[in-house]
Amino acid sequence: MTPHARCRLAVALGLTAILLTFPPDASAHERKAAGGFRLTIGWGDEPAFSGFRNSVVVDVADAAGGPVKDLDGPLTVEVSFGDERLTLPLVPDGQRPGEVRAWLVPTRPGTYTFHITGKVKGQTIDATSTCSDSTFDCVTDVSEIQFPAKDPSTGQLADRVSRALPRAEQAQAAAASARTIAIAAIAVAALALAAAIGFGVRRGQKAA
């Protein structure tokens, strides 16, 4: 082995040792203290994209960092986006002890907030986490990863339909008004024609 190859091998082994010693987090989550427990809050799949099924995941650990295997109490999460609110139950998914989640499909990109409430081992849990660069990922527009064509999401299609409906209703109302005017005009013309025919017949009778 050449000295250059040995150098590259040493660098690779050193990087591998560092990565094994300090394993990176699989995804971005925020850690919160709640009562005597530690909560780790985030999306189940990150990065999170609009229009794709995802989940709110909460890991519950004790003060020493060990998972709480039997939560012994209901937990819920209120997911908020702007003025919209949705409350979902957090239930064990069987993947890891102390982990609970709630499934949903985030339909719009932007900022989401999770408010976790309930009880664990008789202790009240109340913790709030909002997506940011230092907590968990905010939802990204799925068009950012679409290739080769950027197709509109269901949310974007819904927005377009919502914007188009008032214009369609206005056009329908205008068309209905135009039909009404046209029918009235035809009726007036028919009456005028009938009157003219009647006047002509009377004049002919007088002339006779």
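The values are calculated or read from the model by the stated rules, or taken from the named source; none is laboratory data. Nothing here was measured: the structure is a model prediction, and the numbers come from that model. Using ideal geometry, Cβ is built from the backbone for each residue, glycine included, and neighbour counts are taken over all protein chains shown.
For the stretch 36-83, the set of residues classified as touching a Phe, Trp or Tyr at 6+ places or on another chain (Cβ under 6 Å) and among the polar types (S, T, N, Q) consists of Asn54, Ser55, listed by residue number. Only one of the numbered conditions (1) more than 17 Å from Trp43 (Cβ to Cβ); (2) more than 16 Å from the chain's Cα centre (by Cα); (3) of a type in the set (D, E, K, R) is violated by Asp83, and that is (2).
Among the residues making up the stretch 150-208, those that are modelled with pLDDT of 75 or more and β-branched (Val, Ile, Thr) are Thr180, Ile181, Ile183, Ile186, Val188.
Restricting to the stretch 88-100, name every residue that is more than 17 Å from the chain's Cα centre (by Cα) and either in a strand (DSSP E or B) or not assigned by TED's automatic domain parsing to the domain that holds Ser55 (or both). Within the stretch 88-100, Pro89, Leu90, Val91, Pro92, Glu99, Val100 qualify.
Residues in the stretch 64-86 that are assigned to a loop (DSSP other than H, G, I, E, B) and modelled with pLDDT of 95 or more: Gly82, Asp83.
Just one residue in the set Thr107, Thr128, Thr135 is assigned to a loop (DSSP other than H, G, I, E, B) and closer than 15 Å to Thr40 by Cβ; that residue is Thr135. Residues of the stretch 35-63 that are of a type in the set (A, V, I, L, M, F, W, C), assigned to a strand (DSSP E or B) and surrounded by fewer than 19 Cβ atoms within 10 Å (Cβ to Cβ): Ala61 alone. If the condition is being surrounded by fewer than 16 Cβ atoms within 10 Å (Cβ to Cβ), of a type outside the set (Val, Ile, Thr) and closer than 28 Å to Asp72 by Cβ, then the stretch 106-150 contributes Lys119, Lys121, Gly122, Gln123, Asp126. For the stretch 112-144, taking the residues that are touching a His at 6+ places or on another chain (Cβ under 9 Å) and not hydrophobic (A, V, I, L, M, F, W, C), the one that is farthest from Ser50 (Cα to Cα) is identified as Asp126. Do any residues in the stretch 81-105 that are without any contact (Cβ under 8 Å) to a residue 24 or more places away in the chain have Cβ atoms under 8 Å from those of residues that are outside any strand (DSSP E or B) and of a type outside the set (Ser, Thr, Tyr), where the two are at least six apart or on different chains, and which pairs are they? Correct list of pairs: Pro89/Pro74; Pro92/Leu71.
Among what's in the stretch 119-146 and is over 22 Å from Glu30 (Cβ atoms) and under 21 Å from the mean Cα position of the chain (by Cα), pick the residue that is modelled with the highest pLDDT. Looking at residues that are over 22 Å from Glu30 (Cβ atoms) and under 21 Å from the mean Cα position of the chain (by Cα), I get Asp141.
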